[in-house]
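Only one structure is covered here, and it is reproduced in the block below.
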Amino acid sequence: MSEAPAPTNFIIEAVEEDLKNGRFNTVTTRFPPEPNGYLHIGHAKAISIDFGIAQKFGGKTNLRYDDTNPVKEDIEFVDAIKEDIHWLGFDWGDREYYASDYFDQLYQWAVQLIQQGDAYIDDLSPEEIRSYRGTLTEPGKNSPFRDRSIEENLDLFHRMSSGEFPDGTRVLRAKIDMSSGNINMRDPVMYRILHATHHRTGDKWCIYPMYDFAHGQSDSLEGVTYSLCDLAYEAHRPLYDWFIEKLGIFHPRQIEFSRLNMTYTILSKRFLKTLVEKGYVNGWDDPRMPTITGMRRRGYTPEAVLNFIEKAGVAKNESIADISLLEFCVRDHLNKIAPRVMGVINPLKLVIDNYPDDLCEELEAVNNPEDETAGSRKIPFSKNLFIEKDDFMEEPTRKYFRLSPGQEVRLRYGYYVKCTGFVKDQNGEILEVHCTYDPLTRGGFSPDGRKVKGTIHWVSEAKALDAEVRIYDRLFNRPDPDNFEEGKTFLDNLNADSLKIIQKCKVEPSLISTKPGDHFQFERLGYFCTDLDSSPDHLVFNQTVGLRDTWAKMNQ
């Protein structure tokens, strides 16, 4: 199990105080996802806090699915959530629960509240309930059905659960205070009629509890001591407490923290679902998506994600983390663990005219200069090579230190070469560059002490493997993509250049055995990982992140 980043002191101090004064003698937290979509990096923050607090105090964390809405839920999402949590390095042991496990008990507790005079059946339509609720500045007004007798409410609730009434015709509401300054306390809905098949309970139920009713009682049943929520639930805490106190059951403590917000990113599950269903991205695991499965496919590591969450911090006040910080954390971790390889994304043929036609040498290359235990590998070197098109310029600009006519450069791990000419096609495009090499400079060092300012990477034409490379940019072209003008939507802020697919790239032969998920640094180009679509017959690599932050410089 991973060591989660330490949450901020205000949560730790609250738990320490509770343990000291005897409010609780153990720590149990829970992560309660709704299985109606894939988890994103905002959920990763919640996961790290839920599991991190429990780890710090020697406690446990439950995984509990909030499966109270059968219309939106799917077993696909259930399985994906478990995979994502495990990928982050956490485990819930045998404590996998579902709100649907408690439907019978929740029903009995609803009956108890009716019997106590704390809940009633309302026949108002959803639109009427909204209009009766009032506003932030105006109190609500009582439903005309609020004073039904306990006997009538019990009878109607039983008939609701028996399937007698159509969807939307009746609800069960808590009887609290329609003039409360907290709108959540204005007789909230506890149960609605929904004739839909549930992914676990089938057709047993046609009424389903609302989240606010199911959540706290599920916590209580599981002995959860801390319900750690984002700030959106702060206004729901009085209701959380009200239900538990009225039922007289074990009372967990709810503590809120600020949710994760990040520049150039949308974390609304509704908006993410739109991107997937409308085909703006290639599924939930598209590497441009902020989903955990998307980040995994792009080549992000769980260590980098958790390090980012730690650096972004956890506080009571909402803030926005810069996506560059996440990219820094990814880059920093991959620098330590990723083997170095050579790949050429936009190949240009380089011919060494004075190199023997039939010679193929094997040069020694370091696998990772940051890790002495990573060792080295052999890479083939021959007369004909591929270099990046950007590494040759016919008329070099000032401070251009790569290959140009008459210019000498170092080939990485190889020799010094000097450009002697080039060949163009009828359209003026350069087809190949010619050079000579100095055989005394093998390994990149000159015996006469002369220096070169440029070093370029390459692959041998004879041994190179073809590959497809996918270059990813930010999905949105503005830091606040959910901020849009009237008449437009967040889709108008999509970055049209967020994905570039480059065919016929060339990579060194050691990559023939790569597997999906493998990480590499393509020297001088960036960090890449092998994509799920890759096979020995068709290698596919995703760019995870560049070697340095070029976005900030380009967009100042």
Kindly evaluate Glu151 against the criterion of being in a loop (DSSP other than H, G, I, E, B) and either of a type outside the set (Lys, Arg) or within 37 Å of the chain's Cα centre (by Cα) (or both). no
Taking segment 281-300 and keeping residues in contact with a helix residue (DSSP H, G or I) (Cβ under 7 Å, 6 or more places away or on another chain) and surrounded by fewer than 18 Cβ atoms within 10 Å (Cβ to Cβ) leaves Gly283
Have a look at Lys336, Lys349, Lys378 and point out the one that is out of contact with any Gly (no Cβ under 6 Å at 6 or more places or on another chain), basic (Lys, Arg), assigned to a strand (DSSP E or B) and free of Cβ contacts under 8 Å to residues at least 40 places away in the same chain. Lys378
Going through Tyr280, Tyr264 one at a time, which residue ends up being farther than 22 Å from Ile320 by Cα and either of a type in the set (Phe, Trp, Tyr) or assigned to a helix (DSSP H, G or I) (or both)? Tyr280
Being in contact (Cβ under 8 Å) with a residue 12 or more places away in the chain, under 38 Å from the mean Cα position of the chain (by Cα) and closer than 23 Å to His215 by Cα, is that true of even one residue in segment 121-129? yes
Run Ser131 past the list (1) assigned to a loop (DSSP other than H, G, I, E, B); (2) surrounded by fewer than 13 Cβ atoms within 10 Å (Cβ to Cβ) and report the number of the one that doesn't hold. (1)
For segment 226-246, indicate whether the set of residues that are modelled with pLDDT of 95 or more and in a loop (DSSP other than H, G, I, E, B) is non-empty. no
Please specify each residue of segment 257-271 satisfying the condition of being within 19 Å of Val281 (Cβ to Cβ) and out of contact with any His (no Cβ under 7 Å at 6 or more places or on another chain). Met262, Thr263, Tyr264, Thr265, Ile266, Ser268, Lys269, Arg270, Phe271
Condition first: in a loop (DSSP other than H, G, I, E, B) and in contact with a helix residue (DSSP H, G or I) (Cβ under 8 Å, 6 or more places away or on another chain). Can you find one or more residues in segment 188-199 that meet it? yes
Specify the residue that is modelled with the highest pLDDT; the eligible residues are those in segment 301-333 that are outside any helix (DSSP H, G or I) and surrounded by 19 or more Cβ atoms within 10 Å (Cβ to Cβ). Thr301
I'm checking my understanding of the structure. Among residues of segment 17-32 that are within 34 Å of the chain's Cα centre (by Cα) and surrounded by fewer than 20 Cβ atoms within 10 Å (Cβ to Cβ), which one is nearest to Phe77 (Cα to Cα)? Thr26
Which count do you get for residues in segment 500-535 that are in contact with a Pro (Cβ under 8 Å, 6 or more places away or on another chain), of a type in the set (Val, Ile, Thr) and in contact (Cβ under 8 Å) with a residue 60 or more places away in the chain? 0
Failed condition for Arg64, given (1) of a type in the set (Lys, Arg); (2) under 30 Å from Asp285 (Cα atoms); (3) assigned to a loop (DSSP other than H, G, I, E, B), with all others met? (3)
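If only one of Val433, Val423 is assigned by TED's automatic domain parsing to the domain that holds Lys399, touching a Leu at 6+ places or on another chain (Cβ under 8 Å) and free of Cβ contacts under 8 Å to residues at least 24 places away in the same chain, which one is it?
Val423
I need the full set of residues from segment 401-440 which are in a loop (DSSP other than H, G, I, E, B) and surrounded by 15 or more Cβ atoms within 10 Å (Cβ to Cβ), in order please.
Within segment 401-440, Arg402, Ser404, Pro405, Gln407, Arg412, Tyr413, Gly414, Tyr415 qualify.
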Considering only residues of segment 287-300 that are outside any helix (DSSP H, G or I) and touching a Ser or Thr at 6+ places or on another chain (Cβ under 6 Å), which is nearest to His40 (Cα to Cα)? Pro290
Considering residues that are crowded, with 18+ Cβ neighbours inside 10 Å, part of a loop (DSSP other than H, G, I, E, B) and touching an Asp or Glu at 6+ places or on another chain (Cβ under 6 Å), the number found within segment 448-506 is 2
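The values are calculated or read from the model by the stated rules, or taken from the named source; none is laboratory data. Here the structure is a predicted model, which is why all the values come from computation and not from measurement. Because the Cβ atoms are built from the backbone with ideal geometry, glycine has one as well, and the counts that use them run over all protein chains shown.
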